[in-house]
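Notes follow once the structure below has been shown.
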Amino acid sequence: MAGSVLGDKVSDAARYTLVSDAGRTQRWCGVRLIFLGPPGAGKGTLALLLAERLKVTHLSSGNLLREMVRESVQQGNPRGKEAARLMESGSLLPDELVTELILERMGNLGKKIPFVLDGFPRTVEQAKALDEALARSGDSPIDLTIGFEVSEETMVGRLAGRRVCEKCGANYHLERLPSKRRGLCDRCGGVLRTRPDDNPQTIRNRLKVYESQTAPLLEFYRAQGKLREVSGEGRIEEQYQLLLDLLRTEQLVNDPAPPE
Ligand SMILES: [Zn+2]
């Protein structure tokens, strides 16, 4: 596929926006990705950028779960309170509960839509359930899993700067992805807070949980030939460019056709 006639001076973001605006989002091949990596690897931020620029749906299990927990705590549901306690201590929620919730949300989206899954699957069991659900409904399978690798030092530093909107759950970072108005959400004007599970003790706990439960997933996708590992270090735009290059190499996104 030939490159864009717009040339390299135009940023990728501008090109993609142009194409989307021209109603040609279908050219983006319905890419279906899973982002894997420890907390702080930049998955959420990259998924958000990809979603906004390539018009794919960003499915963040963390945001979905926090939403659900908030609702059920407000309603005095004891299951919600238990889930909130587990999340605040950095533990994983029961496999079945998470799988049900995510698959239901995906089912509501309709078939063949492009998405990035961020935070799900976290276990091999969840990954199998996802593959089975897609196959059972005659839907497109996962195209690729991206494994992000970062040092522990980078991870802890990034998590300390992370902020989340208390209203809509949008993620920000003091340095990497600041909001336009300090302390307020760009989308809904909600107040930005530190996540309760981003304190140092919990971060170490989450890393342990990640290594023991999520790392086997890398093997699962490697065995399917669907794993690509990339560095999670560096600035967010650098990471984004690396990711796009990878998707092009894999022919999961095409360079857009020139505008008419
Ligand atoms: Zn918000």
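The values are calculated or read from the model by the stated rules, or taken from the named source; none is laboratory data. Note that the coordinates shown come from a computational prediction; the quantities given were computed from them, not determined experimentally. Counting neighbours? That spans all protein chains shown, and the Cβs are built from the backbone with ideal geometry, glycine included.
Overview of results
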{"quantity": "Filtered residues of segment 189-208 (kept if of a type in the set (Lys, Arg) and within 16 Å of the ligand (Cβ to nearest atom))", "calculated": "193, 195"}
{"quantity": "Those residues of segment 158-188 which are among the acidic types (Asp, Glu) and more than 9 Å from the ligand (Cβ to nearest atom), in sequence order", "calculated": "175"}
{"quantity": "Near pairs, Cβ below 7 angstrom, 6+ apart or cross-chain, from segment 169-197 (of a type in the set (Val, Ile, Thr)) to any residue that is near the ligand (Cβ under 10 Å from one of its atoms)", "calculated": "191/166; 191/184"}
{"quantity": "Check on residue 146, away from the ligand (no atom under 16 Å from the Cβ), modelled with pLDDT of 90 or more and in a strand (DSSP E or B)", "calculated": "yes"}
{"quantity": "Test: residue 214 is in contact with a Lys or Arg (Cβ under 7 Å, 6 or more places away or on another chain), within 16 Å of the ligand (Cβ to nearest atom) and either over 30 Å from residue 128 (Cβ atoms) or touching a residue at least 40 places away in the same chain (Cβ under 8 Å) (or both)", "calculated": "no"}
